[in-house]
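Taken together, the values in this text are just the output of simple stated rules run on the coordinates, not laboratory data. Source: prediction; values computed, not measured. A quick note on method: Cβ atoms are made from the backbone with ideal geometry, for glycine too, and the neighbour counts reach across all protein chains shown.
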Amino acid sequence: MGVVSKRLKMNSTVVPLPKQTPIPATVRDAIATLQMQYVHAIDDDRIERWPQFFTEKCVYQIIPRVEYDQGRLIGVWFCDNRAMLEDRVSALREVNVYEPHVYRHVIGPTEIIDHADGAYHARTSYIVVRTMSDGEMSVFSAGRYVDEIVVDGETALLRKRSVVTDSYRYDTLVVIPL
Amino acid sequence: MTQAITARAIPELLTWPEEGITRVPMHVFSDPELYAWEQDLIFRGPTWNFLCLEVEIPEPGEFITTHVGDSPIIVVRRKDGSISALVNRCVHKGSIICHQPKGKRTRTHNFVCPYHNWIYDFDGNLTSIAFEKGIQQKGGMTADFDKTEHRLTRLNVETINGLVFGTFSDETPPLREYLGPVMVEHIERTLHGKPKILGRYSQMMHNNWKLYIENSRDNYHPSLLHAFFSTFKLNRLSAEGGTRQDDKSWHHITFTKRYTDKGDAAYDSGMIRAQKEDFGLKDPSLIDQWMEFPDQITNSIQSIFPGFVLQQVMNSLGTRQIITHGPEKCELVWTLIGLEEDTEEQTYVRLKQSNLVGPAGLVSMEDGAIGGFVQKGIKGDLDKRAIIEMGGKSVGGMPTRATETSVRGFWKVYRELMDV
């Protein structure tokens, strides 16, 4: 299979192993810290920190659940390396025009499903409340993070994060990452 | 008339300014009675409305549900391979018949209303009613009830290059005639192979549907509002481009040829926000493209009246369909497409360039917000009029994009159909 074919086969479902492999506590801690710091960086408007949660070669995508589940390729956001994530950050700071708003992420516990190809495969439910500058609040997105996480000692990094949004409808625009 | 039944007559609601199509009364973007008239005279009037792609319903019995304006629609593939479009509303109590976004019906089931099991065939004929003869000779429909007098409203359907359009009106000219040769040629050019769906999502916008459609025809705003392209010198008005219309100015194409950009003093004077010298892409592979079209056009937006857009943003091809949600809200359904003929590398380019479009599109995201800015801005000043004078006072194609000729084209058609 060519490199591109591999890249195109992105949304393969990971089936949990029948036998629970014990996950070392240090790994669990590293992954929990990653999840926590990730959402706090975004919610605190420290978006510059966001690309650093990823490995240099990585995939970050936002895709509706109905599309993801049928193996469709394209969602609303797709980056395949950290430099692209950094470009997104520059664009939201310098280029794109939008009404100021903030997110509040609430995440559920991370389920670690498998360890394969050198990464932990995990999923985490999230909900994001968006608050506009005029005070209007709404549930902006709910869904799950489907992750591939590389752990090295106490550090965990995302090799791949698919933000699978329950709704296929997005309100106004998605400029801040989920 | 199906939706303006409680609305006052249009002359009581709207008098068009003497200046004509260079002025647009602001209240057309918020008035609920005009909105109801638009449903009848535009979406259910002599217009072709995009329904879906043929590839969504390849097999007989396969269907999708969508909307034309406010009206819920079922689009289904008949046994003979042709396509039928029906209003998704049971004649009995008015319930939605099909509540799934898509699916497949076999010949024996057809469409069954979930409420009381009234059953329709793919042509919308009412074929069966549960308990029609009652139970044990008791109850049932009255003897003089004639099923053949009741049927689902059927739309006329035509297709072009895999795009399915429907119209409520028998007065609508055939699709290709409605589009005109310039539009037909451009659709055939953009969809130069067999389309396949790569992704779909929708964008909810807090503005009247016409504000989005104006935006899709406004080729003067992109390099100003959408700073991403102009920052990277990808879509400056000084690049060769222009505006094309059909003979009647109902429809519109704006296009750019990226590699002909010779620069323009106005852009280099530092006056335009997009010009930030310190800004550069860390990963320029985002905008890697291949020259897909022999005409060298790298961007084209084609807007078909009333609510359809066919997009080519570099190698990102897609359709956009407007769905109305009351006078101050609308939804844009984006379907990103590739071609069966694409190589894997080309598919991957389309995937990367999907970052340019949609609600998170580096180029297009502002379109989701700008209509809402207008909608907020006009509150309290509904007696004011918008000014549409860039590029003159008339309609017709122009060899420039510094024009609002196609926005005027939209209002020309609007006035014709609304008779104002």
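A few notes on this one:
- Over chain B: Kirkwood hydrodynamic radius from C-alpha pairwise inverse distances, Å: 23.0
- Loop-located chymotrypsin sites (Phe, Trp or Tyr not before Pro) in segment A:21-88 (DSSP state not H, G, I, E or B) with no more than 11 neighbouring Cβ atoms inside 10 Å do not occur.
- Which of B:K196, B:K138, B:K352 has the fewest Cβ neighbours within 10 Å, and the rest in rising order: B:K138, B:K196, B:K352
- Isotropically averaged projected area of segment B:185-418, using the convex hull of Cα atoms (one quarter of hull area), nm²: 13.4
- When you filter the chymotrypsin sites (Phe, Trp or Tyr not before Pro) in segment B:275-371 for DSSP loop state and at most 14 other Cβ atoms inside 10 Å of their Cβ, you are left with B:W290.
- When only alpha carbons are used to place a centre, segment B:377-417 and segment B:142-180 end up 31 Å from one another.
- Helix-only mean residue ellipticity at 222 nm for chain B, each DSSP H run of n ≥ 4 adding -39500 (n - 2.57), per residue, nearest 500: -5500 deg cm²/dmol
- Residue-wise HN-Hα coupling along segment A:121-135, computed from phi with Karplus coefficients 6.51, -1.76, 1.60 (Hz; x: Gly, Pro): 9, 9, 9, 9, 6, 9, 9, 10, 9, 9, 10, 7, 5, 8, x
- Positive-end residue, the protein assembly as shown charge dipole about Cα centroid, Cβ charges, pick of B:L286, B:T6, A:V150: A:V150
- Counting every other Cβ atom within 10 Å of each residue's Cβ, A:H40, A:H105 order from fewest to most as A:H40, A:H105.
- Equivalent ellipsoid dimensions for chain A as semi-axes, Å, which come from the Cα gyration tensor, largest first: 26, 19, 17
- For the residue pairs B:K93/B:K379; B:K196/B:K282; B:K79/B:K196; B:K379/B:K412, the alpha carbons lie more than 28 Å apart in B:K93/B:K379; B:K196/B:K282.
- Inter-part distance where segment B:15-69 and segment B:324-361 are each reduced to a Cα centre, Å: 21
- Cleavage-rule hits, GluC sites (Glu not before Pro), segment B:15-49, DSSP coil, Cβ neighbours within 10 Å at most 14: B:E18, B:E19
- Three semi-axes of the equivalent ellipsoid, segment A:72-138, Cα gyration tensor, whole Å, largest first: 28, 20, 10
- Cα convex hull volume per residue for segment B:49-158 (Å³): 106
- Whole-number Å³ per residue for the convex hull built on Cα positions in the protein assembly as shown: 189
- Ignoring the sites themselves, chain A has its longest run without trypsin sites (Lys or Arg not before Pro) in a DSSP loop having at most 13 other Cβ atoms within 10 Å at A:47-178.
- Assigned charges on the beta-carbon of Lys, Arg, Asp, Glu; chain A dipole about Cα centre (debye): 580
- Between 0 and 90 degrees, the angle of helix A:25-43 with respect to the longest Cα principal axis of chain A falls at about 10 degrees.
- Across segment B:57-123, the relative contact order, built from alpha-carbon pairs under 8 Å that are at least six residues apart, equals 28 percent.
- Based on DSSP H segments of at least four residues, each scored -39500 (n - 2.57), chain A has a per-residue ellipticity at 222 nm of -6500 deg cm²/dmol.
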